[in-house]
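J.: This is the structure I want to talk about, given as structure tokens.
Values in this text are rule-based calculations from the coordinates and carry no lab data. The structure displayed is predicted, hence computed values, not measured ones. Positions of Cβ are backbone-derived with ideal geometry, glycine not excepted, and every protein chain shown enters the neighbour counts.
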Amino acid sequence: MKKVIIIGGGASGLTAAIKASKDYDVTIIEKNNKLGKKILITGNGKCNYWNENQDVNNMYHSSGDYKKIINQLNLTKAHAFLDSIGIIPFIKNGYYYPNSNQAISVVNALVDETINNNVKVINEEVIKVEKKDNKFIINNKYASDYLIVATGGKAAPKTGSDGFGYEIAKSFNHNIIKPLPALVGLEVEENIKELSGIRLIGEVNLLINNELVQKELGEVQFNDYGFSGIPVLQISSKAIKALDDNKNVFISINLLPNIADDILGLRSFLKVQDKHLNNKSISQILDQLFNYKLSNYLLKISKIDSNAKIEKLSNNELDLLCHNILNFNFKIIKDHGFENAQTTSGGVDLKEINLDTLESLKVKGLYFCGEVLDVDGACGGYNLSFAWTSGLIAGEIRGDTNASN
Ligand SMILES: Cc1cc2nc3c(=O)[nH]c(=O)nc-3n(C[C@H](O)[C@H](O)[C@H](O)COP(=O)(O)OP(=O)(O)OC[C@H]3O[C@@H](n4cnc5c(N)ncnc54)[C@H](O)[C@@H]3O)c2cc1C
């Protein structure tokens, strides 16, 4: 039986191993002492492993026709695979979680299937990969006919993914699209420490070189360094790539998306409140809408005395306050680091991969799957969906490129 070695026992590596074990002698080499370590921390420990709405627009990439990988047939196979290994879903608004509400159920299903299929596991860090006489040689001691690189990207390196997969790819002359953190908080130039800890439902707008490029609604979290929360993570991939291209990147938040989206509407809302509340001070009115620290901050940046009454404010003063509430604007200067990121944008260039099989177009028998490839997804189960889908394709070992190596 021909031998397959898979480097990395995360979501994509385990899936590839289960698939390949039907026809090959499979070994996973994983540097952690347990398989699936990162899966345990996904979805806040609940593991959002799939999404009903598999719209390809929720996936990002820099090169290649990634839609070939995430096509309907491959997605159907991945969905059936998750069913077949016994994961019972709990579905909320199209988001899939294991019914136990615990990520460990997903890890157990994968690991049990791996053991049942006689996949061998070696707990060792891969530091060297070569190809000699048509065999892949790992750490000078393990040999295989096929190699699947499922090492993940650079996000959350404490779970094992420290970017070594890119070094393997480079050693085989593959191009790497610059890896950047994605699904991560964004650091801002302004000092907003006094607002740290506040959470609110806001509409987050991403402006690149003054152009609106993405809009997301959801719970925004204010931190010492800047902003996080789902809508901020959703804009992070595009924001960070733009920063890397030296573009001007701003986050602008509508702090009252359920009340108004223009100055006129907000001004009349505040005036109605003013009448209704019998001429209370502006800070008393704002304190009904926001955390008091945010009310104070808004009045400070609008240069309005907190004891002022609305009817005493000039039109300009009131308009500036409304503007600041609807366009709470900050300059983004930095991402909050790979340590805090959920995924990596960039990676192995898809142009050099056969997208039907995920085999390298440069080296026969070399495959890539999961986050190490130049594909990243939005929050909502898309990154794990990609890990299962690409793991299944790579694990088929279907390729037979004309590469000379
Ligand atoms: C906090 C957090 C929350 C997340 N939540 C979700 C979510 O709810 N839904 C979702 O879809 N996605 C989520 N993700 C993203 C998702 O977990 C990843 O995209 C996915 O796990 C990638 O799978 P992978 O197999 O490509 O890589 P990984 O899961 O990173 O696995 C790679 C494996 O390779 C091993 N490895 C690396 N280098 C070597 C080496 N040199 N030698 C041996 N072994 C090596 C690593 O130890 C690791 O086990 C989250 C990520 C994080 C960090």
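J.: Quick one: Arg199, Arg267, fewest Cβ neighbours within 10 Å first, how do they rank?
T.: So the residues, fewest neighbours to most, are Arg199, Arg267.
J.: Another question, if that's okay. For the stretch 42-111, what is the per residue volume of the convex hull drawn over the alpha-carbon atoms, in cubic angstrom?
T.: Measuring per residue, one finds 104 Å³ for the Cα hull of the stretch 42-111.
J.: Just the Cα atoms of the stretch 121-176: what Rg and Dmax do they give in Å?
T.: Every Cα atom of the stretch 121-176 included, Rg and Dmax give 11.8, 36 Å.
J.: On to the next question. Going through the cross-link list Lys19/Lys120; Lys170/Lys247; Lys135/Lys364; Lys34/Lys158; Lys77/Lys362; Lys19/Lys132, which pairs have a Cα-Cα distance over 18 Å in this structure?
T.: Over 18 Å Cα-Cα: Lys170/Lys247; Lys77/Lys362; Lys19/Lys132.
J.: Farthest toward the dipole's positive end in the chain, which of His174, Gly160, Ile253, given Cβ charges of +1 (Lys, Arg) and -1 (Asp, Glu) about the Cα centre?
T.: Checking the options against the dipole of the chain, the answer is Gly160.
J.: Decide, for the stretch 273-365, between rounded, prolate and oblate: order the square roots of the alpha carbon gyration tensor eigenvalues as a ≥ b ≥ c, take rounded if a/c falls under 1.5, and otherwise choose prolate if a/b is larger than b/c, else oblate. Please report the intermediate quantities before stating the final value.
T.: Working: a/c = 4.40, a/b = 4.28, b/c = 1.03.
Since a/c reaches 1.5 and a/b is larger than b/c, the shape of the stretch 273-365 is classed as prolate.
J.: Under the Karplus relation 6.51 cos²θ - 1.76 cosθ + 1.60, θ = phi - 60°, what is the ordered set of whole-Hz ³J(HN,Hα) values for the stretch 74-83, x standing for Gly and Pro?
T.: Running phi through 6.51 cos²θ - 1.76 cosθ + 1.60 with θ = phi - 60° gives 5, 5, 4, 5, 5, 4, 5, 4, 4, 4 Hz.
J.: How much length, in nm to one decimal, is gained on full extension between Arg398 and Leu217, taken as 0.36 nm per residue of separation minus their Cα-Cα distance?
T.: Fully extending the segment from Arg398 to Leu217 adds 61.0 nm.
J.: Loop-only trypsin sites (Lys or Arg not before Pro) in the stretch 11-52, please: DSSP not H, G, I, E or B, and at most 15 other Cβ atoms within 10 Å.
T.: Here the sparse-neighbourhood loop sites are Lys22, Lys34.
J.: Are there trypsin sites (Lys or Arg not before Pro) in the stretch 288-321 that DSSP puts in a loop and that have at most 12 other Cβ atoms within 10 Å, and which ones?
T.: Lys303
J.: On to the next question. Tell me what the chain gives for mean residue ellipticity at 222 nm when only DSSP H runs of n ≥ 4 count, each as -39,500 (n - 2.57), the sum divided by the residue total, rounded to 500 deg cm²/dmol. Each step should come with its number before you reach the end.
T.: On the way: 10 runs with 116 residues, N = 405.
For the chain, the value works out to -9000 deg cm²/dmol.
J.: Through the Karplus equation 6.51 cos²θ - 1.76 cosθ + 1.60, θ set to phi - 60°, convert the phi angles of the stretch 258-272 into ³J(HN,Hα) values in whole Hz; use x for Gly and Pro.
T.: 7, 10, 7, 10, 9, 4, 4, x, 6, 4, 5, 4, 5, 5, 5
J.: Per residue and in cubic angstrom, what volume does the convex hull of the Cα atoms of the stretch 185-336 have?
T.: 99
J.: Sticking with this one: Report, in debye and to the nearest 20, how large the dipole of the chain comes out about its Cα centre when Lys and Arg carry +1 and Asp and Glu carry -1 on their Cβ.
T.: About 440 debye.
J.: Another question, then. Counting only DSSP beta bridges with both residues in the chain, tell me the antiparallel percent, nearest 5.
T.: Counting only bridges with both partners in the chain, antiparallel ones make up about 75 percent.
J.: Give, in whole angstrom and from largest to smallest, the semi-axes √(5λ) of the equivalent ellipsoid of the chain, with λ running over the eigenvalues of the Cα gyration tensor.
T.: 49, 21, 17
J.: Based on the mean of other Cβ atoms within 10 Å per residue, sort peptides 369-378, 345-354 so the most packed one is first.
T.: 369-378, 345-354
J.: If you keep only loop residues by DSSP, which GluC sites (Glu not before Pro) in the stretch 85-159 have at most 16 other Cβ atoms within 10 Å of their Cβ?
T.: Passing both the DSSP loop test and the Cβ count: Glu124, Glu125.
J.: Next question. For the modelled label position 7 Å from the Cα of Ile259 along Cα-to-Cβ, which residues of the stretch 288-303 have backbone nitrogen atoms closer than 13 Å?
T.: Answer for the stretch 288-303: 288-292, 294-296, 298-299.
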